[in-house]
Structures are given as structure tokens and as C-alpha cells.
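Participant: Sharing a structure with you now.
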Amino acid sequence: MAARAGLVDPQDAKITARHEEAALGLAAALPRLLVAARRASATVVHGLHGRRRSGVGENFWQFRRFTDGDPTTKIDWRRSARDEHVYIREQEWEAAHTVWLWIDRSRSMAYRSSLSEVSKLDRAVVLGLALADVLVRGGERVGLLGLTRPTASRLAIDKLAQSLAFAADDSSGLPPAEAPIARLAEAVLIGDLLAPEEEIAAAVANLAGRGGRGHMVMIVDPIEETFPFTGRTEFLDPDAPLKLVAGRAEDWRAGYEERLARHRAALAEIARRFGWTFTIHRTDRPATEPLLALHARLGEAER
Amino acid sequence: MSALPLAFLSPWMLGALILLPAIWLLLRLTPPRPKKIDFPPLRLLLEVVAKRETPVKTPWWLLLLRLALAALLIFALAKPIWNPPPAATAGSGPLLVVVDNGWAAAPDWAARVAAAEGAILSAGDAGRPVALVASADAPRDIGLSASDAAIERLRVLSPEPFTPDRRGQLGPIEKFLAANPSADALWISDGLASGEGRAFAEALAKALNGRPLAVRVEPTGSARALVGAENSPGSMTVKALRAEAAGVEPIRVRASDLRGRSLAEVDAAFAIGARDATASFDLPVELRNDIARVEIVGAKSAGGVQLLDQRSKRRSIGLVTGATADVAQPLLSPTYYVARALRPFADVREARGQGVAQAVDQFVADKLPVIVLADVGALPRESHEKLAAWVRAGGVLIRFAGPRLAAAPQDELSPVRLRQGGRILGGALAWETPQPLSSYAADGPFAPLAPPKDVTVSRQVLAEPDADLPEKVWATLGDGTPLVTAERREKGLSVLFHVTADTRWSNLPLSGAFVDMLRRIVDLAGSMPPPAPEAQKAAAGEQAKDQPAKGEAAQGPAPRAATLPPSRTLDGFGAFRSPPATAKPAPAEGRPFATQENPPGFYGPPDSGIAVNLLPGGASLARLDLSGLQASVAPVVAPEPTPVAPWLFVLAALFAILDSLIVFLMAGGAALLGRRPRAASLIVAGLAIGLFAAATPVLAQGAPDKKQPVDERFALEATLQTRLAYVATGDFEVDRISKAGLEGLTQTLAERTALEPGTPMAVDPSKDELSFFPLIYWPVTESAAAPSPETLQRIDAYMRQGGTILFDTRDADMTGAGPQGPALRRLLDGLDVPALEKAPPDHVLTKAFYLLNDFPGRYSGSPLWVEALPPAEEGEDRPARAGDGVSPILITSADLAGAWAVGSDGAPLFPTSSDERQREMAYRVGVNIVMYTLTGNYKADQVHVPALLERLGQ
């Protein structure tokens, strides 16, 4: 008798109820998560703009020698009067653009192992809201994919949190198959991304259909990486009624690690194909780490 | 019945054991329950194929454990019994029960009766008639009876205090078995080979002719016996016997006197494989003589009792010689051979370093039963009378002849009149050949002895051939002249050897006969029968009537020939009882072992009776050998049947717990524990607390045993540097001045002398160790309380060991009472203070460092009291004097500390009574005192240096 996989009996299915509660408890946990998100975002100073390139904006960026084709209205006469050349006054490009957030709300996200302080969902929410906060403070417009419209309001993250709290249950583990995001918009997918690679690829392809860019953040519980199980173990899937009984769990470690690496490689490949980025974040690391990385990449992606 | 003493009350339950394979199958199929773990990436895991997946099944040892658990439960339910009661004798015919009721059956008699009763009852239940035979009873015809009657008979049986002769019972038994051809037999044996055990068993088996014979024998051989009590010179020894050469077995032997009072108990032990052990009582001889009964404590058997009579008493014998004792050449000492001959059975006390008369007086006063006079001639009148009175009161006087006796005038102490004039025969003139010892008087105490052939006598003293001489003679020489004569004097006896106690006149002292003769004589001592009753007189013959003296003399051995009636005998259990009707008088010379007619006990009058013991002195016990006999052998004492089920249940429960633990561990319990350091640390902490709690009382108990530890810090501080010390009086101001004063003095010493003391210390004489300090300054306050006795002891010890205390009453300005002050008197009350004097002008204190004329402090004019010196020798002109050592006490009233005291700025604190020069002098006094305490009389000796140098010619 090797490992036996199969549907769990109703008895075992009770376990998933626990996660249901945890997911529903998100509403109760949101105020706390909001605070955590604000604290995390406070460490990131966005400034009104970090674009460092000329474009449509209010602020002076640089003087440039007039070249053919430049609109004459842009000539800064005061500057031009100082020498023989004609200068054009360029403004910094300050166009706000839309960032779509998606936070995985499936039951498996409510998982928290003994190795970690927070559940994956908590971390995903904190990360998402903190990112939203940073972006909103930076003048961007932030929306929850499939839940809200983008907003640039200062109170955006409160709104986002509210809509999160009242969002319907979603156990697909995938972003909604809505219309592709706009070309200049960016998507940030935060979840455990444990769905089959093809489904994830399809979802990403759908989102990137109009050339929109995006970032995938894979939230991982440490136990999912280290697989520290030994002895006879029965594994239960919180999302689906699946179970697996391993006689000696330690024998499965190598195979699992290899499979996990392949999964991640596949995700990275998907990201690469659409020009997206792919980040892995473990819940036992501070939330500010992926926040900083994401923030930096949000800028890079537009180059 | 199986070899194991195990039986099942519900054996059918064992049938459930066939379920075990089924359980095994079931258990095999049911692996331990896995731990459940939520694992979100399960889908990934599902795609993984494990490299090696061992089939999930219960490990074999767990399977074994569970099967054992099941088997245990089944066994427990079958109600096993350890040591089941022995099955009744099989058979349908009459049952012959032979019960050994000799002494050896006594210790476990109740169990034997119970065993017999059980057999009889079960036979009765089966409707079988029973015949009961007790082996120690007189043989009689055996009749069948109902079990009730047999039990009645059994109940009146009791162990008899002798070794039964079982052969006597064989006749009736054979007759009975021949008459009842269907009978079988049960023999409850005492397990001893004595009493023809093997022959009896064989004959019994033969008579049964193949029918079953059951023998019950105690496998350990319960009987223990005592034999051979011997009152040897140093101790009383007794031998303990057992039948089985088993392992080490401790026993306790008790000695008690005639009235049953315990005198001593000693421990002895049978060694491994030994069948005898020796117990010895190391008691003073007087106590040993009181021992009348020696028994094994708890033996509960007549065999375990050894009775002692007069014959085993050791007597103290006084030995007096007229010759000058020559210690350097013991072989020439007249008493050497006598002492050697007496020592095995008596304690010899020799008169050492005192005159004959003194020694005799001493021995008589000590009431010794026997006194030996070796060649003692005339005695002082007084001693003579004392000795005669002692003999009349029951003493036995043994005299040896010799030159002195031969030269002495006739006295009453000799049993016969010695021939006057030429009463000494000797040398070649009288005899051609030395005379051999020819015969012992038939009615004398030596009668049982055989006269030795090798004893020759070359000289002797001769008795007057009086009419009554023949009756007084106990031993004669070849020519008919008496060698030993004796005469009874009222209660006592006077015996005369007509030769010397050494080898000058004969070689008798060298022969073994000498020892026997002395022993027989000494046996007579102290066991003098009371005035003979008429019957005995009649038995003694007509001589007793017309010649009382001779009758008395012969009385020693005479009553022994008769028999003595039993006075107290032992029953089978070793307890005294009045003699049973079957007991008959015993011969007066005693019996070596007991019989039915003469059970062990005391015979005759209490003072002079004899004791009969159950076993002869050289006896040993042997185990009944039943090998090769057609008999089923079982132990007599059936062990208590023990149900085993509870233990099995407990074991099964333990197995169950173990099983749960294993399952827990297999399901990752260990990892769970390991991954929770808090839990682990809690467990460890709990264990630690438990251990600590267990250890705390031990510590608490151990603490009081420790001696009061020396205050180490104080000791180190006081000893690492020489320091002055002052006694803290408790008065702050006084203590401050003392401290400041000693600091000032310390400073001065450091400046002016080679001594650099450390900071002064305060001491409390009731607590602190004083011996670290050469000098202790003790300011005496008016209110000083008298020290406690312990403190006084410490002060006294300090002063005796060379310390010096400087008492300062600080009152020279007022009374100046010095040593007379009430406070000081109170302090010193109870202290051994030497005689004091005012330090004389030539005292070494005045020269120790500075030359001083007086000893001022803050106040001048106060003398310094020191231990009085021995007065100066006449004409001696020494500039300094000192006694041996240092005066342990110095008393002043000049307030030295006040004069020495300096403040922190080094300026003096107090003015002196006159001027600063007085302060300087006070410092000098202090320096001198310190130097004096440290160097002693060194300076006094220094004054001799010029003279010594002069003598050396320098």
C-alpha cells in the first residue's frame, strides 16, 4: 500500500470548516491588518513621484535645447533669453496610472503553520493594503481586481479593506477572468499561486491581453517550503476534499521539493513570457521586504 | 500436575488463546493511526511519487506486544493460581497416615498437623477410613477409624523431645498393610535421616507393594539443633546443627540461667554448604557459670536447647605456691604443671607478687571453690584458721607435697597425718626403683579412670598408717603407699597429693592422668551434695555409718552411681515442663542423649543435678535420603496459594500503556515534544523541582550535623597580618576610643619598630576565635556584664595557650582600684587568674624595647599588674627578670588607649593628665607591652649576652 490519495470522507471534511471560519474571520482581522499595512507602508516613502522622466506634469523637470518638431509653446523664453540657444522647458511626467490588486481569498490562504506568525492571507492582505497605501500616497489609482473600481482617494485602503471584508467567497485561487487590464495599468497578484500552472498561465494571459503589465507575489508558508514532516502522516487539502496518506513523510520530501521548484519555475516562466515579475515571499519574513521589492518594480516596469 | 506450581481455576478460558492468530491478522491490517496535517500544496504533493514507500503495517514488535497483551488477558481470565493446594492422595482404599512427632517436627508442627488433617479430611470426604501412626509413640496395633476420630487423635499428638525410632513402628505397619491390601500411605516426615529414616521408608515402600506412598518432607530441613555446649577457657561455645548443607543462614543463640533470665544473645551463621555453626559467648566466667540453658532463638524445638549442669561450670581456682616464684624459668615453677592441667576446665588465678598468707586470705575472701597449695608448709595462724573454715564451708583444698610441706609441722589441713621424723623417703637408700602408680580406690572419684602405666614416683611424703588411712586413700603406689589422700571436712574436702606439683619428685604432672585426676577433684567442688538423706546413706553402705569421715570423703562419687529423679524436663518444643509420667530417673553420671524414659531436662536437685540433652555431643544431623524410592514427595508446608490474575492484569495494563506510548511516538510524538522547547523545559523544570524538593529535606537534615563553621573571613583577616585586637564592650564611646587608641599604637609600632601590624580589629570573646591575636586590649566598663561560662572557657583557653589580655579599668583618675575594681572582679570571676603583682622595676616589661620606670597612660601613677614572677634568687643580680612565657594577664588603670588614641588626622584625641611627654611615655609603654607579648622573655635572656660573649673569649 503506497500513499493513498483520495477524497476525504465527510468526517475529515470538518477540518476545512476551520479554514472557512478563518477566512470569514478576515473581516474581524481587517482593522488589525490595516494598522499593520499602514505601518509597513510608512517605511516606504513614495514621494509624489519617482518617475524621473519628462512627461505630463506640474513640476519642472529640465531645460532642453529646442529641436525640430517641438511645440513652440514649450519654449521657455526667460531661459532662452539668457544665451543664444532656445530652450524648451520640460515638466516631469506625473501621469498617475492604475494598479490593480488581487488578493487570493481561497481557503488555503488561511493556512498558518507553527513555523510562522501569521497566516498567508493575513500577510497577503497586509502586503496588498500596504502597497495600495504607498501607491495612493504616490498619487496612483488602486483598485481591487473584480471588486472595486480604481481610486486615488486617500481613503482608498479603507475602501479596499471594506470591499475585501464583504467580498464573496472565492476558492478558485485565481484572479477573476475579467476584461484585460489597460495597457498602462499594472496588476499585482498576491496569493499562494498553488493552482495548476496552466490555469495560472491562462489567467495571466487573460489579464495581460492588452499589454498590461503585472507582478505575481507568491506567499508561501515556511512549512510548505521545508516540508519537515516525518512518520506516518495524512495530508489534507484545505481547498479541495483531497487527502494523501504518506507512510513515511520524510521519503516524500525530495520529490516534493523538486515538484515545488518546478512549479515555481513554471510560474517564473509565465511571468517572463508576459513581461511580468515573479516574487516569492515567505510569511516568516517581514512584510516590508516584498513591499519594497514590489514598489521598486512598479517603477521599473514602465521603462 | 505440571512441574510448575501453577493451576488454573477456569482452564477453559485458555481456549481463547486460539483467537490470537485472528487478533494477529487484525492487528496486522490495522496500522497505527496517522497524524493529520493540513497541507495547502497537496496538489503538488499528489504529483510526487515517493522514492521508497514501505508498506504500511504494524511493526512486528508492536504486533508481538499487542499479542502478548491479549495473551496476558486470556491467562488472567483463566484465573491462574500459584502454589495450588496439593491434591489429595489418590486411591480408594484405607489411608495410612504416618506422622513423625519427634523433636525435629516441632518447629513447624502446626503445618504438619494441618497437612495431616488435610489429607485425613480429604480421605474422609472420599469415604476412606484412616489409620494414624505417630512415630514417636510406643508401637501398638493399628486400627482403622473414621476421619473424625483420626483427627481427634491427631489433635492430641504433640512433638516428643527425643529422636523417634521409626523401626519400632514397622511391625504394626506391615501387619496393617497386609490386612488392608488396598491401603496406601502418607508419611509426613521430619526429614531427618536419624531414627532409621531411610530403612523405614524402604520398608514402608516394600510393605505397600507398589501401592502409592506419598512422603511430605520439608525441603529446607527445618530442624535446627544445638549440641556440645562447652565452657572453654575464654568463652562458652556451642555447636549448632542443621540437616541441609544449604546457603548462609544466620541464627541467634541465647543463653539463660536456671531461672530463665536471659544472660546473653549472640549471632552465629551457618556458612554456605556447612551443616554446623559455632556460637560462642564471650562472657566473664562468673556469668558463664550461671548459664543453664542455651537455645536457638525461635527454634521452638527441644533439639535447639542445650542444658548445662554443674559439670560444665568453670571454676576459679586459686593457686598458691610456697616456692619463690621464678618467672624467668616457668618450667621450674612449682605451679606451672598444675596451672596447665587446670586451665582447660577452670580458670586459674595465681598468686603473683604476694606472700602465701596474703594470697590465701585473698582467695578465701573471694570465695573461690578450689584452692591449690603447691608445697606450702606452715601457714600463719590466722590464714590457717581462715583456710580451715573455708574448707569446712565447702571449699576443696588440694595440697601438693614438697620440701616445705615435709619440713612443716603437722597441720589440720592435710587429710592424713604425715609421718613424723623419717617421713620422707627418697633416693637410692629407700627405694631401688621409683614406684609406679598402681591403682585408684574403687570408691574414690578416680575409680572410672584407668591407672596409667608410665607414672613413676621417686619421692613422696608418707602418711602415718592410721586406722582410717585406707579409707582416705584415692590413689596408691605400687608398694601400697598412698599417692593421693583425701578427707571430707564437713561440706568441704581436703586432698593431698603426696608428691610435688612439679616434676622433681615424680613424672605425674607430665601425664594425662594428672589432668584427669585434677578434673575429677575439681568437679567435686561446688557440687557437694547436701547432707545425705537416709536413703542415700543406706545405699552408700555400712561404712558410712561407723566411719562418717570416710563416708563423707567417698560421698563425692557415691551419689553419682545412683539415679537422679527428673526435676524439670523439656517438651518437644523445648519449653520446660514438669516431668511427664513416662520420665524415669536418669543415671547420676548422666546420659549422652535423651530417650523416651529420660527426656531432656534437669535431673536431681537444682544445685547438683545433671542435665540430659537431646542429642549426644558429637551428633550431626543428616537429611533423609529418599532417592530411588517409589514415592511422591511433596513439601509439608504448603505455600499459600496466590492468585496470579491481578499481576497479569497489572502487566496487561502496563503493556497497554506502553502500546499507547509507542503509538504516540510513532505518530510523531517525539517530534512534537522536541519541537516544543517550552513543553520540554516545563518537564525538565518539573523534574528539577521534584528533585530539589526531594533533596531539600536531606540538606536541611544535613545542616545541623555540621559543626559551627569558623568565620572564614574573620580568620583570614585576622591571620594574614599580625593585628592588635580590642574587646568590643558594646559601649560605643569606649569602643571608639579603643579602636583609635590601638590605631595610634599601631602607627607608632610601624614607625618605630620592625613590627608593622594591620588595622586593629574588634573581637567578641563569646563568638570570635581569640587565638589569632597576640594581645587583646580589654577596656573594662563599669557596666560590663559577667561573661558566660562558655566565654570564660574561651578566655581561659586563650590565656593558657599563650595569649595576653590587657585589662584597662581606665579609672586611675578616680579610684584606681586596679585589679580590685568591682567591674574587673566581675569579669574575672571564675577565671583561673594567676597570682598578680605590680610589675617590679626589673621586670622584662621595663626593658622589652624602651627602658621604662613606670607605665603611664592618660593617667600616670597607675601600676601595671602582671603575673607574679618567681622570686629572684639570692645573690642574683639581673637587670631583667621574666618567668617562663608571657604573663597571660596585664591589668592597668591608666587608660592606655585614651593616651594612644589619635584621630583621623593623626592628632591625639585626648589630653593626658600632665603633658605630651606622658603621651610619649604611654606610647613607649604600649610598644614595650606589644614587644613583650611577641618576644616573651627574649629580652631577659639578652642581658646575658655580654657575659656569654665574655665567656666565649670575644
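Participant: When you go through B:Pro888, B:Pro856, B:Pro841 one by one, which is the residue that is closer than 21 Å to B:Val927 by Cα, over 60 Å from the mean Cα position of the chain (by Cα) and either at pLDDT 85 or above or surrounded by 15 or more Cβ atoms within 10 Å (Cβ to Cβ) (or both)?
Facilitator: From the options B:Pro888, B:Pro856, B:Pro841, the qualifying one is B:Pro856.
Participant: Still on this structure: Residues B:Val305, B:Val364: which one is over 25 Å from B:Arg591 (Cα atoms) and either out of contact with any Ser or Thr (no Cβ under 9 Å at 6 or more places or on another chain) or not polar (S, T, N, Q) (or both)?
Facilitator: B:Val364
Participant: Taking the condition of being surrounded by fewer than 18 Cβ atoms within 10 Å (Cβ to Cβ) and either part of a loop (DSSP other than H, G, I, E, B) or within 14 Å of another protein chain (Cβ to nearest Cβ) (or both), how many residues in region A:277-290 meet it?
Facilitator: The number of residues fulfilling the criteria is 4.
Participant: So which of B:Ser506, B:Ser527 is touching a Ser or Thr at 6+ places or on another chain (Cβ under 7 Å), among the small types (Gly, Ala, Ser) and at pLDDT below 80?
Facilitator: Among B:Ser506, B:Ser527, only B:Ser527 is touching a Ser or Thr at 6+ places or on another chain (Cβ under 7 Å), among the small types (Gly, Ala, Ser) and at pLDDT below 80.
Participant: Among the residues of region B:319-335, are any surrounded by fewer than 22 Cβ atoms within 10 Å (Cβ to Cβ) and at pLDDT 80 or above?
Facilitator: Looking for residues that are surrounded by fewer than 22 Cβ atoms within 10 Å (Cβ to Cβ) and at pLDDT 80 or above, one finds none in region B:319-335, hence no.
Participant: Residue by residue through region A:177-196, note down the ones that are touching a residue at least 40 places away in the same chain (Cβ under 8 Å) and either out of contact with any strand residue (DSSP E or B) (no Cβ under 7 Å at 6 or more places or on another chain) or more than 21 Å from A:Arg137 (Cα to Cα) (or both).
Facilitator: A:Ile181, A:Ala182, A:Leu184, A:Gly191, A:Asp192, A:Leu193, A:Leu194
Participant: Something else: Could you check region B:562-612 and list, in sequence order, the residues that are touching a strand residue (DSSP E or B) at 6+ places or on another chain (Cβ under 6 Å), touching a residue at least 40 places away in the same chain (Cβ under 8 Å) and assigned to a loop (DSSP other than H, G, I, E, B)?
Facilitator: Scanning region B:562-612 gives B:Asp571, B:Gly574, B:Gly590, B:Ala594, B:Pro599, B:Pro600, B:Gly604, B:Gly609.
Participant: Tell me, which residue of region A:230-241 that is touching a strand residue (DSSP E or B) at 6+ places or on another chain (Cβ under 9 Å) and surrounded by fewer than 19 Cβ atoms within 10 Å (Cβ to Cβ) is nearest to the other protein chains (Cβ to nearest Cβ)?
Facilitator: Looking at the filtered set, the residue picked out is A:Ala240.
Participant: Another question, if that's okay. Criterion first (touching a residue at least 24 places away in the same chain (Cβ under 8 Å), within 30 Å of B:Ala583 (Cβ to Cβ) and crowded, with 19+ Cβ neighbours inside 10 Å) does B:Ala131 satisfy it?
Facilitator: The answer is yes for B:Ala131.
Participant: Kindly evaluate A:Glu178 against the criterion of being surrounded by fewer than 16 Cβ atoms within 10 Å (Cβ to Cβ), within 13 Å of another protein chain (Cβ to nearest Cβ) and on the phi < 0 side of the Ramachandran plot.
Facilitator: In short, no.
Participant: Please give the number of the condition B:Trp647 fails out of (1) part of a loop (DSSP other than H, G, I, E, B); (2) at pLDDT 85 or above; (3) hydrophobic (A, V, I, L, M, F, W, C).
Facilitator: Evaluating B:Trp647 over (1) part of a loop (DSSP other than H, G, I, E, B); (2) at pLDDT 85 or above; (3) hydrophobic (A, V, I, L, M, F, W, C) leaves (1) as the failure.
Participant: Looking for something closer than 25 Å to A:Ala201 by Cβ, away from every other protein chain (no Cβ under 13 Å) and crowded, with 19+ Cβ neighbours inside 10 Å - is there at least one such residue anywhere in region A:255-266?
Facilitator: no
Participant: Same structure, new question: In region B:154-170, which residues are at pLDDT 85 or above and surrounded by fewer than 18 Cβ atoms within 10 Å (Cβ to Cβ)?
Facilitator: B:Arg155, B:Val156, B:Ser158 - these are the residues of region B:154-170 that are at pLDDT 85 or above and surrounded by fewer than 18 Cβ atoms within 10 Å (Cβ to Cβ).
Participant: Continuing with the same structure: For A:Gly173, which of the numbered conditions (1) modelled with pLDDT of 80 or more; (2) closer than 29 Å to A:Asp284 by Cβ; (3) not hydrophobic (A, V, I, L, M, F, W, C) fails to hold?
Facilitator: Checking A:Gly173 against (1) modelled with pLDDT of 80 or more; (2) closer than 29 Å to A:Asp284 by Cβ; (3) not hydrophobic (A, V, I, L, M, F, W, C), the one that fails is (1).
Participant: Does region B:766-776 contain any residue that is over 21 Å from B:Ile889 (Cα atoms), out of contact with any strand residue (DSSP E or B) (no Cβ under 6 Å at 6 or more places or on another chain) and among the acidic types (Asp, Glu)?
Facilitator: No.
Participant: What about A:Glu250, is it over 24 Å from A:Gly191 (Cβ atoms) and at the interface with chain B (Cβ under 7 Å from one of its Cβ atoms)?
Facilitator: no
Participant: A further question follows. Out of everything in region B:267-297 that is assigned to a loop (DSSP other than H, G, I, E, B) and either free of Cβ contacts under 8 Å to residues at least 40 places away in the same chain or within 21 Å of the chain's Cα centre (by Cα) (or both), what residue ends up being surrounded by the most Cβ atoms within 10 Å (Cβ to Cβ)?
Facilitator: Ranking the qualifying residues of region B:267-297, first place goes to B:Leu283.
Results for (1) modelled with pLDDT under 60; (2) touching a Lys or Arg at 6+ places or on another chain (Cβ under 7 Å); (3) basic (Lys, Arg), shown as yes or no for each residue.
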site: B:Ala652; (1), (2), (3): no, no, no
site: B:Phe664; (1), (2), (3): no, no, no
site: B:Arg676; (1), (2), (3): yes, no, yes
site: B:Ala703; (1), (2), (3): yes, no, no
site: B:Val727; (1), (2), (3): no, no, no
site: B:Ala740; (1), (2), (3): no, no, no
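Yes/no matrix, rows are residues, columns are (1) facing another protein chain (nearest Cβ under 10 Å); (2) among the small types (Gly, Ala, Ser):
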| site | (1), (2) |
| --- | --- |
| A:Ala208 | no, yes |
| A:Ile219 | no, no |
| A:Pro228 | yes, no |
| A:Gly275 | no, yes |
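Participant: Could I ask something else about it? Just checking: which of the strands (runs of 3 or more DSSP E) contained wholly in region B:716-828 hold 2 or more residues that are under 20 Å from B:Pro863 (Cβ atoms)?
Facilitator: Once the strands (runs of 3 or more DSSP E) in region B:716-828 are filtered for at least 2 residues that are under 20 Å from B:Pro863 (Cβ atoms), what remains is B:775-779, B:804-808.
Participant: Being in contact with a helix residue (DSSP H, G or I) (Cβ under 7 Å, 6 or more places away or on another chain), modelled with pLDDT under 75 and closer than 30 Å to A:Ala293 by Cα narrows it down to one of A:Gly57, A:Gly25, A:Gly50, so name that one.
Facilitator: Only one candidate passes the filter, namely A:Gly50.
Participant: What residue, of B:Ala123, B:Ala149, is out of contact with any His (no Cβ under 6 Å at 6 or more places or on another chain), surrounded by fewer than 18 Cβ atoms within 10 Å (Cβ to Cβ) and part of a helix (DSSP H, G or I)?
Facilitator: None of the other options fit; the residue is B:Ala149.
Participant: Something else: Somewhere in region B:298-305, is a residue part of a strand (DSSP E or B), of a type outside the set (Lys, Arg) and either at pLDDT 85 or above or closer than 30 Å to B:Gly247 by Cα (or both)?
Facilitator: Yes; the residues of region B:298-305 include at least one that is part of a strand (DSSP E or B), of a type outside the set (Lys, Arg) and either at pLDDT 85 or above or closer than 30 Å to B:Gly247 by Cα (or both).
Participant: Tell me, which strands (runs of 3 or more DSSP E) wholly within region B:437-523 include 1 or more residues that are among the polar types (S, T, N, Q) and over 49 Å from the mean Cα position of the chain (by Cα)?
Facilitator: B:459-461, B:473-477
Participant: So in region B:777-786, with the set limited to residues that are surrounded by 23 or more Cβ atoms within 10 Å (Cβ to Cβ) and touching a Pro at 6+ places or on another chain (Cβ under 9 Å), which one is farthest from B:Val886 (Cα to Cα)?
Facilitator: Result: B:Trp778.
Participant: Separate question: Pairs only if they're at least six apart or on different chains, beta carbon under 6 angstrom, first in region A:265-292 and more than 16 Å from A:Leu131 (Cα to Cα), second aromatic (Phe, Trp, Tyr); list them, first residue then second.
Facilitator: A:Leu267/A:Phe278; A:Ala268/A:Phe278; A:Ala271/A:Phe278
The values are calculated or read from the model by the stated rules, or taken from the named source; none is laboratory data. Source: prediction; values computed, not measured. FYI the Cβ positions are ideal-geometry reconstructions off the backbone, even for glycines, and counts take in every protein chain you see.
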